[in-house]
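The values are calculated or read from the model by the stated rules, or taken from the named source; none is laboratory data. Owing to the predicted nature of the structure, the values given are computational and were not obtained by experimental measurement. Cβ sites come from the backbone with ideal geometry, for glycine too, and all protein chains shown count toward neighbours.
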């Protein structure tokens, strides 16, 4: 290693984040690599820290990765991600007994979106809909809930709140990520929901670095990819992190989000909640 510790940044979108990295840190130390974890309240500050050299790698959302890539002129690389970061989609769901069957049926209807900076509940679905010739700003009566700005939709709070409004009859449809919908299903609370539109697939988080050739990054990645979810020291934090195994990052999947960000700010609907 080039230095005594490897500096990692993570955004605390939930209290479990610090517990996860405390346990991961103990495991890394057992392997001879000391992690120095810096916690951030939002991704904007974490992006700054990576660019300014305060941390070696950032555990980034897809949006934080794209923003950093844009600010550094492409001098950014993703080195690893979770297996569960692949194959995400955004969906528009309605109540199962709703007469609405398709995107065209939603024209003029009340559709809820998540936080303005949520790739999965706002930016990417808007981009995908517009690519299909359907402008949600014009074709829906769109509303947006800005519940956790700076967290890039990680909390899922706005998505769940919009689902509650859908169930209460305040909305005709709601945008939700496939991962949030899966979580709702595991709780046995999705039987009354039905998807009428699904976006193209996209990847989610990754570890972002500015110099992927560094021996420090290579050692971190090597250890990360060797993690085994059956290890008693790792099973709990890996489950909390929603990862079965770590994999090499697949950067080619971020094309749509890069295009959406380069096209300019995407804001659909007036925000009804700020918290």
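The table below lists the values:
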item: Qualifying residue in the range 24-31 (condition: farther than 26 Å from residue 253 by Cα, surrounded by fewer than 17 Cβ atoms within 10 Å (Cβ to Cβ), in contact with a helix residue (DSSP H, G or I) (Cβ under 7 Å, 6 or more places away or on another chain) and in the same structural domain as residue 223 (by TED's automatic domain parsing)); result: yes
item: Only one of 148, 182, 216, 172 that is closer than 30 Å to residue 25 by Cβ and touching a strand residue (DSSP E or B) at 6+ places or on another chain (Cβ under 8 Å); result: 216
item: Residue match in the range 44-52 (condition: more than 27 Å from residue 123 (Cα to Cα), at pLDDT 95 or above and touching a helix residue (DSSP H, G or I) at 6+ places or on another chain (Cβ under 8 Å)); result: no
item: Residue list for the range 1-22, restricted to those being buried (at least 17 other Cβ atoms within 10 Å of the Cβ) and over 23 Å from residue 115 (Cβ atoms); result: 6, 7, 8, 21
item: Criterion (surrounded by fewer than 21 Cβ atoms within 10 Å (Cβ to Cβ) and touching a helix residue (DSSP H, G or I) at 6+ places or on another chain (Cβ under 9 Å)) met by exactly one of 179, 175; result: 179
item: Counted residues, the range 22-38 - those being in contact with a strand residue (DSSP E or B) (Cβ under 6 Å, 6 or more places away or on another chain) and free of Cβ contacts under 8 Å to residues at least 60 places away in the same chain; result: 6
item: Residue identified as buried (at least 17 other Cβ atoms within 10 Å of the Cβ) and either without any contact (Cβ under 8 Å) to a residue 24 or more places away in the chain or within 16 Å of the chain's Cα centre (by Cα) (or both) among 135, 104, 117; result: 117
item: Unmet criterion (only one of (1) touching a strand residue (DSSP E or B) at 6+ places or on another chain (Cβ under 6 Å); (2) surrounded by 22 or more Cβ atoms within 10 Å (Cβ to Cβ); (3) over 19 Å from residue 201 (Cβ atoms)) for residue 143; result: (2)
item: Residue within the range 152-168 that is surrounded by fewer than 23 Cβ atoms within 10 Å (Cβ to Cβ) and assigned to a strand (DSSP E or B) present; result: no
item: Strands (runs of 3 or more DSSP E) fully within the range 185-275 counting 2 or more residues that are surrounded by fewer than 13 Cβ atoms within 10 Å (Cβ to Cβ); result: 270-274
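Conditions (1) under 21 Å from the mean Cα position of the chain (by Cα); (2) farther than 19 Å from residue 28 by Cα, marked per residue:
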{"site": "189", "(1), (2)": "no, yes"}
{"site": "192", "(1), (2)": "no, yes"}
{"site": "196", "(1), (2)": "no, yes"}
{"site": "225", "(1), (2)": "yes, no"}
{"site": "238", "(1), (2)": "yes, no"}
{"site": "243", "(1), (2)": "yes, no"}
{"site": "259", "(1), (2)": "yes, yes"}
{"site": "265", "(1), (2)": "yes, yes"}
